[in-house]
Amino acid sequence: MSIEADIRRQVHGLAKRGDHASMIRLLSGALLKLGCPADLSIALLDALRAAGDVAAIGRTARRLARHSPEPDRIAREAARRLPLDSPEAQGLLRLASLVAPGDPTAIAGLVLCLDARGDQGTALRYSRRHEAASGERGTLLRRMAYETWQGQRWRAAVPWFERLADTVPRNLIIRSYLQNAVEKSSRDMVFPGAYPIAGLADRLLPAGDRTSVLFVGARGENLDIRFRGIPANRLEVIGVDPELAKASDPASTGIAVRYLRDALSDREEERTFYETSSGGGSSLFRPSPSAARYMSPVGRSWGEMLEVAAEHRMRTTSVDAIRARGDLGRVDALYVNIQGGELAVLEGGREAFADTVAVQVETSFISHYEGAPDWRAVDRELLAQGFVLVDVRNLMTAGRTKVGFRAHPDNRLGYDRWPSWQLAEAHLLYLRDPVEPANRGVRLFRRTRDWLVFALWAEYYGQVEIALEALMTLVDEPGIVDDPEQVAGIAGAIGPITERYRSYLRVLYP
């Protein structure tokens with residue numbers, strides 16, 4: 001057996017055992033003698049990363065690249081194992097570009113690094129080099145545009161979508177993304193921290209008073225991004241989901257977070273839980289055979305996405321039962337998205353939701369699940385609990401599997417689009433209406449705190465006029481609360497807050 005073959009055998013065994021320290025020692029001493037084969041060099045980089053010695057990856061790669069027949073590959077692979085925004089990753093990709101001029105892979109990696117570090121001007125210039133080197137017009141632009149979008153980096157997304165829109169000027173979906181990126185980046189620039197009314201609530205509420213949101217269906221959420229605009233020290237999130245393996249780590253957000261592994265319904269009973277091939281489609285309701293008629297916006301059949309992969313028996317409970325056992329206090333806001341089980345959650349929490357000011361609920365307009373209630377039943381229940389429908393927060397349309405069109409009208413294009421797909425699902429927003437005189441006797445709005453919290457959540461959901469109307473009403477009629485002396489702080493702030501929003505809207509919608 002040759003020396004190289006023996007080294008490879010040992011590397012395989014060490015990797016199988018996870019003995020990264022021994023692999024690092026072995027390869028560090030052998031690679032130069034072997035001429036630094038690319039695959040073994042990359043194995044050493046992987047071992048360094050697995051051992052947590054990320055700082056050594058860059059200098060090791062530079063040393064190996066000087067002796068390897070594939071220095072550009074080693075430099076590229078080392079950069080991939082480093083944080084994108086690190087100077088070392090950028091330096092390695094520049095090295096790869098120098099060693100192999102015109103290599104599209106190295107140029108694409110360099111564009112990613114430059115964008116991550118905030119140097120978008122240079123990143124855009126290098127994207128043109130990538131087009132020239134690869135002969136692919138718009139491919140990298142599309143990747144960069146959608147990656148910045150998925151990361152909710154709205155300001156960074158705008159120039160990528162602008163370039164992409166120039167490349168494919170008649171693509172309406174790209175233009176719809178661009179429009180939304182401009183709006184969101186403008187909001188982030190004008191209101192970089194807490195939104196104005198949320199900032200007012202932060203100043204006036206007692207220390208430690210957090211507004212709470214019950215988040216039913218809380219899997220894999222980036223909470224500081226989702227609840228952007230609400231001061232982290234003023235927010236408590238109670239996540240409820242039986243599948244919490246993907247739950248967010250709240251350690252660095254400043255938000256008070258608790259997770260409950262409960263399956264929610266309207267009562268305590270044994271139910272079958274249907275786990276589907278698409279994790280987000282799992283439900284207490286069996287998927288309907290008619291779902292196969294519909295195609296999702298990502299081009300997959302709903303029947304394929306909702307194919308049952310496993311069935312489990314589980315014990316359900318209700319929101320009111322969780323409250324009774326002491327795991328839930330006041331619920332200021334409610335978000336519920338559990339694939340057909342929304343009505344049962346609402347019915348099983350009527351006592352807990354007596355204090356709630358805002359509800360975002362997913363509803364269905366086509367049959368995805370057997371026996372699941374539709375939007376009419378959900379709407380009736382929320383109206384009976386005293387809520388008013390104020391907005392459609394998100395909507396999803398569905399095509400026909402039998403026809404199979406892949407290109408489809410984008411939801412962001414608005415409601416007057418042609419051709420159009422059938423409305424399939426929507427997230428509906430319901431709020432209380434404290435300004436309505438008939439609601440004045442409700443205990444919920446007898447304290448200044450309740451009006452502030454209502455205005456905070458209305459603002460968070462974009463209902464700025466509703467929020468300001470409520471605060472103006474309170475200032476005009478301070479006697480409607482039990483603590484009218486606390487209203488003075490609101491009165492002095494309404495004028496400046498209103499003018500900030502007027503200025504913002506004049507720029508976006510002149």
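The values are calculated or read from the model by the stated rules, or taken from the named source; none is laboratory data. All figures in this text were calculated on a predicted structure; none of them were measured in a lab. In this analysis, Cβ positions are derived from the backbone assuming ideal geometry, glycine residues included, and neighbour counts consider all displayed protein chains. Calculation scope for accessible area: heavy atoms of the full protein, side chains included, ligands and nucleic acids excluded. Shrake-Rupley method; radii C 1.70, N 1.55, O 1.52, S 1.80 Å.
Points to keep in mind about this one:
- Tallying residues that are in a helix (DSSP H, G or I), over 16 Å from L98 (Cα atoms) and among the acidic types (D, E) within segment 30-86 yields 2.
- Residue, modelled with the lowest pLDDT, within segment 222-247, restricted to residues that are surrounded by fewer than 20 Cβ atoms within 10 Å (Cβ to Cβ), farther than 15 Å from Y460 by Cβ and charged (D, E, K, R): K246
- When R400, R406, R393, R376 are checked against the criterion of being free of Cβ contacts under 8 Å to residues at least 24 places away in the same chain and either on the phi < 0 side of the Ramachandran plot or touching a Leu at 6+ places or on another chain (Cβ under 7 Å) (or both), a single residue qualifies: R376.
- Selection status of R59, closer than 19 Å to G109 by Cβ, without any contact (Cβ under 8 Å) to a residue 12 or more places away in the chain and of a type in the set (D, E, K, R): yes
- Residue match in segment 277-295 (condition: modelled with pLDDT under 90, open to solvent by 40 Å² or more (accessible area, probe 1.4 Å) and farther than 30 Å from R234 by Cα): yes
- Criterion violated by N180 - all others in (1) open to solvent by 40 Å² or more (accessible area, probe 1.4 Å); (2) in a helix (DSSP H, G or I); (3) at pLDDT below 95 satisfied: (1)
- Applying a threshold of 7 Å to beta carbon distances and a minimum spacing of six or more residues, or different chains, the list of pairs starting in segment 474-486 at a residue that is within 17 Å of V453 (Cβ to Cβ) and ending at one that is assigned to a loop (DSSP other than H, G, I, E, B) and aliphatic (A, V, I, L, M) reads L474/V481.
Here's the yes/no breakdown for (1) free of Cβ contacts under 8 Å to residues at least 12 places away in the same chain; (2) small (G, A, S); (3) touching a Cys at 6+ places or on another chain (Cβ under 8 Å); (4) closer than 24 Å to E436 by Cβ:
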{"site": "S288", "(1), (2), (3), (4)": "no, yes, no, no"}
{"site": "R293", "(1), (2), (3), (4)": "no, no, no, no"}
{"site": "M305", "(1), (2), (3), (4)": "no, no, no, no"}
{"site": "R330", "(1), (2), (3), (4)": "no, no, no, yes"}
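Yes or no, residue by residue, for (1) in a strand (DSSP E or B); (2) of a type outside the set (D, E); (3) in contact with a Ser or Thr (Cβ under 8 Å, 6 or more places away or on another chain):
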site	(1), (2), (3)
E362	yes, no, no
R376	no, yes, no
E381	no, no, no
G386	no, yes, no
V390	yes, yes, no
R393	yes, yes, no
T397	yes, yes, yes
V403	no, yes, no
H408	no, yes, yes
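- Residues (assigned to a loop (DSSP other than H, G, I, E, B), under 26 Å from D355 (Cβ atoms) and either among the aliphatic types (A, V, I, L, M) or open to solvent by 20 Å² or more (accessible area, probe 1.4 Å) (or both)) located in segment 307-343: R325, G326, D327, L328, G329, R330, V331, N337, I338
- Residue within segment 398-405 that is surrounded by 18 or more Cβ atoms within 10 Å (Cβ to Cβ), hydroxyl-bearing (S, T, Y) and at pLDDT 85 or above present: no
- G303 surrounded by fewer than 17 Cβ atoms within 10 Å (Cβ to Cβ) and of a type outside the set (S, T, Y): no
- Single unsatisfied condition, A493 versus (1) within 30 Å of L346 (Cβ to Cβ); (2) among the hydrophobic types (A, V, I, L, M, F, W, C); (3) open to solvent by less than 40 Å² (accessible area, probe 1.4 Å): (1)
- Pairing residues of segment 18-29 that are under 18 Å from L64 (Cα atoms) with residues that are outside any helix (DSSP H, G or I), at Cβ distances under 8 Å and at least 6 apart in sequence or on separate chains, gives I24/A51; I24/D53.
- Unmet requirement for G414, which otherwise passes all of (1) surrounded by 19 or more Cβ atoms within 10 Å (Cβ to Cβ); (2) at pLDDT below 95: (1)
- Condition broken by S367, with the remaining ones in (1) more than 22 Å from T211 (Cβ to Cβ); (2) out of contact with any Phe, Trp or Tyr (no Cβ under 7 Å at 6 or more places or on another chain); (3) in contact (Cβ under 8 Å) with a residue 60 or more places away in the chain; (4) open to solvent by less than 40 Å² (accessible area, probe 1.4 Å) satisfied: (4)
- Residue in segment 492-499 that is within 19 Å of P434 (Cα to Cα) and part of a helix (DSSP H, G or I) present: yes
- Residue list for segment 119-163, filter: open to solvent by 20 Å² or more (accessible area, probe 1.4 Å), at positive phi and in contact (Cβ under 8 Å) with a residue 24 or more places away in the chain: Q152
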